[in-house]
1. For GLU172 and TYR105, calculate 0.36 nm times their separation in residues minus their Cα-Cα distance, and state this gained length in nm to one decimal.
2. Where Rh denotes the Kirkwood radius from the mean inverse Cα pair distance, what is Rg over Rh for the chain?
3. Every cysteine in the chain with no other Cys Cβ under 4.7 Å from its Cβ, please list them in numeric order.
4. Please give the length that would be gained between ASP49 and LYS72 if that part of the chain were fully extended, namely 0.36 nm times their separation in residues minus their C-alpha to C-alpha distance (nm, one decimal).
5. Going 7 Å from the Cα of ARG138 in the Cα-to-Cβ direction, what parts of the range 100-121 have a backbone nitrogen less than 19 Å from that spot?
6. Over the chain, with a Gaussian network built from C-alpha contacts below 10 Å, which listed residue (SER118, SER19, SER11) shows the highest mean-square fluctuation?
7. Determine, for the chain, the count of lysine pairs separated by eight or more sequence positions (or lying on different chains) whose alpha-carbon distance falls under 20 Å.
8. What is the set of long-range amide H partners of GLY130 at a cut-off below 5 Å, with H atoms built 1.01 Å from backbone N?
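Any read-out appearing in this document is the output of simple, stated calculations on the displayed coordinates, not a laboratory observation. The model shown is predicted, which means the values in this text are computed figures rather than measured ones. With ideal geometry, Cβ positions are generated from the backbone for all residues, glycine too; neighbour counts draw on all protein chains shown.
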Amino acid sequence: MRRYRLNGEVSCVSVSESSLSLLKALELIEQRTQKNPWNAQSLKECFSDTYKVIVLYAGKISEGFAVIYNTKVTTDLLTIGIDPEYQGRGLGRFLLRCALAEALYGGADECFLEVRVSNIRAQNLYRSLGFEQVGLRRGYYGADSSGPAEDAYTMRLASIRAALGDGGPRPEV
Ligand SMILES: CC(C)(COP(=O)(O)OP(=O)(O)OC[C@H]1O[C@@H](n2cnc3c(N)ncnc32)[C@H](O)[C@@H]1OP(=O)(O)O)[C@@H](O)C(=O)NCCC(=O)NCCS
């Protein structure tokens, strides 16, 4: 477990073991932030060697989380979300920087992700960290009860190390 601290209240923790209460909390954040939310079973499968789950806490309460899939050379950002009540306060940026720091810690310096073409908010965040659009995946997000199918942009960050710079998040010792 590694903890990255933003201030006295807010920190991100790279969590290696799931618990029922944590899975419930993450499932709730998924439901509140994503159009196609993962369920608790899918989230449980992310607690393995190749995935990393990074949870953002304010005190003892989880307000957001991200999942990355590390291949040691590259990493994929699979999901990221901040509870709607806490969005727009810089927490998404901090969480993403911590997830990238975790990827780097695992040996990956390149990051890929998919984002809905309509999700301007997330695209702004990714671009501000240096991600660039490198592809378009037609109908990547299938039609479901939340709406019709939607295309995704594939975005790439060529160097996590360069993006985080010397001021990147450092875990507490
Ligand atoms: C995307 C998300 C994680 C960003 O988290 P956040 O805490 O709201 O974002 P922050 O406050 O850290 O802002 C980071 C950047 O995001 C962008 N951003 C945030 N709110 C925005 C808004 N309302 N409109 C446009 N861009 C916005 C800006 O680039 C901002 O940087 P700035 O403050 O320097 O301008 C969050 O909005 C979220 O959980 N959305 C729903 C889930 C989602 O879309 N996940 C991504 C799936 S690919």
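1. 22.8 nm
2. Reported Rg/Rh (Cα atoms, Kirkwood Rh): 0.94.
3. So, CYS46, CYS111.
4. 7.2 nm
5. 115-118
6. Looking only at SER118, SER19, SER11, the largest GNM fluctuation is found for SER19.
7. Eligible lysine pairs with Cα atoms under 20 Å apart amount to 8.
8. HN-HN under 5 Å from GLY130: empty list.
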